[in-house]
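The values are calculated or read from the model by the stated rules, or taken from the named source; none is laboratory data. These numbers were taken from a predicted model, which means no experiment stands behind them. Backbone-built Cβ (ideal geometry, glycine too); neighbour counts: all protein chains shown. Areas reflect the complete protein model, heavy atoms only, side chains present, ligands, DNA and RNA absent. Shrake-Rupley method; radii C 1.70, N 1.55, O 1.52, S 1.80 Å.
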Amino acid sequence: MSELTFEQMLEESLKTIHTGEVIEGTVIDVKPDEAILNIGYKSDGILTRNEYTNEPNVDLTTMINPGDKMEVKVLKVNDGEGQVLLTYKRLAADRGNKRIEEAFNNKEVLKAKVTQVLDGGLSVVVDEVRIFIPASLVSDVYEKDLGKYAGQEIEFVISEYNPKRRRYIGDRKQLILAKKAEMQKELFARISVGDVVEGTVKNVTDFGAFIDLGGVDGLLHISEMSWGRVENPKKVFKVGETLKVLIKDIDGSKVALSLKFDDSNPWKNASTKYAVGNEVTGRVARMTDFGAFIELEPGIDALLHVSQIAREHIEKPADVLSVGQEVTAKVVDFNEEGKKISLSIKALLIPETKEAPAEEKPADDDSDVVSVDIDAVIAKQEAEDAE
């Protein structure tokens, strides 16, 4: 019986490998784009960057070290040059598929870094399995710029698992909604009408501002922003600003807010400051054909009817007044309950006259001051403002 040559004995001592087989190897050299492994075969195994990870442009020298032991899968026994091609990411993906399947069945919350921002959503990788999160499932609100998520670690659940089509869909939105629902429950359990709470300006519109109270967005309507008149909320509030607001009303999940605190109510001392007969000074805030509204102070406007502007007949206030002009007038009517005040410049211009005999003219008769139905005028103005 002939003796085996050294080459034959060496050949027999080496194991046989097959395509698709999972084997263990030891890293003997690492370059930025490939690693070489001793796999106990007559040829070393080559693990390229593309077969190591799905992440683009990684430097393998920062991820693999000589001496590391790795489980890999044989991709091709002979690549045509006598080398064995290996894959790590496909083995990890096979195992990752099982991991994703378990997460899908158990509704497990996963966490991963966003590796790509695509036109239609985000891409993350979990155990070498690429998962797509559509833009509509990234948040509970429309996200105009998904770029802010690049490189961020985010949480999500698997909403669709289809390994045959290699379709794995992630959902971040339902986690946000669930968290908000819990926060809403906690918030509504501890707030009530009349409470003063702190919130953050989330959005500002022409009609008001939405304030994040912590899971619930309350509406601060333009009419509740100040005791005075606010023309443009966007000039008053900024997104991200912190405010202390008053809970005005709670209707189901809707919360109405206000910045009209009682201690700053200008009508508290109005009955004294603007009693009938007092001479007051204010600024023309706005005008209509029937009169001008004079701002006596923020939150208190008085009506100066067109008939009370001058002795002579005036067609409309704009003929003699302008917005912003300062005027001095006499208070001729004060309605605290209806929060209405009527003024007259004319009353200051009329010279005092001698008292007439009682039977001809009562001493308190002020026939030169035209009586105005303030309620009717105000109602008309409010209707016009509403339009």
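Miscellaneous remarks
- Proximal lysine pairs, segment 243-297, alpha carbons under 27 Å, eight or more residues apart or interchain: 7
- Taking amide hydrogens as placed 1.01 Å from N in the peptide plane, the amide H of Ser159 sits under 5 Å from those of Ile169, Gly170, Asp171, each at least 5 positions away in sequence or on another chain.
- Total charge dipole magnitude, segment 234-335, about the Cα centre, Cβ charges on Lys, Arg, Asp, Glu only, Debye to nearest 20: 420
- Thr62 accessible area, 1.4 Å probe, all protein chains in place, Å² to nearest 10: 110
- Semi-axis lengths, largest first, of the ellipsoid equivalent to segment 103-227 are 36, 17, 11 Å, with √(5λ) applied to each eigenvalue of the Cα gyration tensor.
- For the residue pairs Lys148/Lys185; Lys98/Lys185; Lys111/Lys179, the alpha carbons lie more than 27 Å apart in Lys148/Lys185; Lys98/Lys185.
- Within the shell of other residues whose beta carbon sits under 13 angstrom from the beta carbon of Gly228, the net charge comes to -1, with Lys and Arg scored +1 and Asp and Glu -1.
- 15 Å beta-carbon shell around Lys164, net charge (K/R +1, D/E -1): +1
- Among Lys148, Lys73, Lys202: highest mean-square fluctuation, GNM of the chain, C-alpha pairs under 10 Å: Lys148
- Mean separation of Cα contacts under 8 Å (6+ apart) over length of the chain, as relative contact order %: 7
- A cut-off of 5 Å between modelled amide H atoms, ignoring neighbours fewer than 5 places along the same chain, links Arg286 with Phe293.
- Distance cut-off 39 Å, percentage of C-alpha pairs in the chain lying past it: 54
- Around the amide H of Arg229, modelled in the peptide plane, lie the amide H atoms of Gly299, all under 5 Å away and 5 or more residues distant in sequence or on another chain.
- Heavy atoms of Arg229 accessible to a 1.4 Å probe, total area in Å² rounded to 10: 130
- Only helical runs count toward this figure. For the chain, summing -39,500 (n - 2.57) over DSSP H runs of n ≥ 4 and dividing by all residues gives -5000 deg cm²/dmol at 222 nm.
- Heavy atoms of Asp319 accessible to a 1.4 Å probe, total area in Å² rounded to 10: 90
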